[in-house]
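What follows is a short report on a single structure.
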């Protein structure tokens, strides 16, 4: 069955504190932030929810500090993450890593396509992309 | 002739005597009626259907209505029963109204404190419920230390401890935050 589009699912958020600013169309959650939408869960120290201009709909969630994102068997970690629900992408910045089973990719920036089993890993001028991929067969043996 | 005059005088005397007795007995049977119900000691003025409007810069800023109000001149405090506060043109929220079972008005400081089933609704569809809320007319702030629930047609939000500036559209919820953001607007009860 086709997975529901994230933008059609509710977002549930828990945190220690919230500051909302109607004029800036932002809500800033701080302290043990957990945001869940469908099969994607974001963890971080701080999260800013941006609304689309002139609409109530969420444009994107930006998560800062000890960022961890879990989706089924994929886990991503980074210093900052931007989750765009309409585009259904998660962009990781700063010591970005994605783990899936034993496979692991790391870079300065990783774009994870949430509805596909695909990620795009970029490295800044600081170094090269690193990827450790285990052939499917070897993974099943171990 | 003298006899007739004496008889008449006796009759008149008798009539006056009877009248005096009747008045005296009638007067005794009636306890003096309490002309004014006894007010609690510290209350100077007791009102029903209080209607109070606060104007600022020639413009109506807010209106307070209460079924009952007891005013104490020395503290300037009015204790209210079944109150309704309307804040006009509160930024993006339009007119905002608050109802509660009990409250107080401190006129000088323009401070309204409300408690007991406090419900705040806005012209743009937001609804806040809590047990206690203070409106500071000077700073235009709504504050409470109690748990609050805020809903509109796309969101439900819970937290404890609130500080909100309606005119600037800014709000701080201090702890225990839970929020549910819906992808689409909920149908209003009337639409269903």
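The overall shape of segment B:42-161 is prolate: from the C-alpha gyration tensor, with semi-axes ordered a ≥ b ≥ c, the ratio a/c is 1.5 or greater and a/b exceeds b/c.
How big is D for segment B:111-192, in µm² s⁻¹ as a whole number, if Stokes-Einstein is applied with the Kirkwood radius of its Cα pairs at 25 °C and 0.890 mPa s? All intermediate terms of the calculation are to be shown ahead of the outcome.
Details: Rh = 13.5 Å.
Stokes-Einstein gives a translational diffusion coefficient of 182 µm²/s.
For chain B, what is the mean residue ellipticity at 222 nm derived from helices alone (per DSSP H run of n ≥ 4: -39500 (n - 2.57); sum divided by total residues; nearest 500 deg cm²/dmol)?
It lands at -5000 deg cm²/dmol.
Helix B:2-29 sits at what angle to the longest principal axis of chain B, using alpha carbons and giving 0 to 90 degrees rounded to 10? Tilt of helix B:2-29: around 20 degrees. Can you bin the protein assembly as shown into rounded, prolate or oblate? Criterion: square roots of the alpha carbon gyration tensor eigenvalues sorted a ≥ b ≥ c, rounded for a/c under 1.5, prolate for a/b above b/c, oblate for the rest. Prolate shape, in that a/c is at least 1.5 and a/b is the bigger ratio.
Using a ≥ b ≥ c from the Cα gyration tensor of segment A:34-75 (square roots of the eigenvalues), is it rounded, prolate or oblate, where a/c under 1.5 gives rounded and otherwise the larger of a/b and b/c decides, a/b for prolate? If you can, show how the numbers build up before the last one.
Details: a/c = 3.45, a/b = 1.60, b/c = 2.15.
Here segment A:34-75 falls in the oblate category.
Between residue A:104 and residue B:75, the modelled labels are 6.6 nm apart [label points 7 Å from Cα along Cα→Cβ].
Between residue B:151 and residue A:53, the simple label model (points 7 Å from Cα in the Cβ direction) yields a spacing of 3.3 nm. Considering only alpha-carbon pairs that sit under 8 angstrom and 6 or more positions apart, the relative contact order computed for segment B:35-181 is 13 percent. A simple packing score, the average count of other Cβ atoms within 10 Å per residue, orders the peptides B:4-15, B:139-150 as B:139-150, B:4-15, with the highest score first.
Residue by residue along A:56-69, Cβ atoms of other protein chains within 10 Å of the local Cβ number 1 on average.
Using a 10 Å cut-off around each Cβ of peptide B:150-158, what is the average number of partner chain Cβ atoms that fall inside? Intermediate results must be reported in sequence, preceding the final value.
Working: counts 1, 0, 1, 1, 6, 4, 2, 4, 1.
Mean shielding by partner chains, rounded to a whole number: 2.
Counting only Cα atoms, segment A:83-127 measures 31, 24, 12 Å along its principal axes, largest extent leading.
Per residue of peptide A:21-28, the mean number of Cβ atoms on other chains within 10 Å of the residue Cβ is 4. Every Cα-Cα pair of segment B:110-150 was included, and the share exceeding 13 Å stands at 52 percent.
Each value in this text was obtained by applying a stated rule to the coordinates, not by laboratory testing. Quick caveat, the model's predicted, so the values are computed rather than measured. Here the Cβ is made from the backbone with ideal geometry for all residues, glycine too, and neighbour counts use every protein chain on show.
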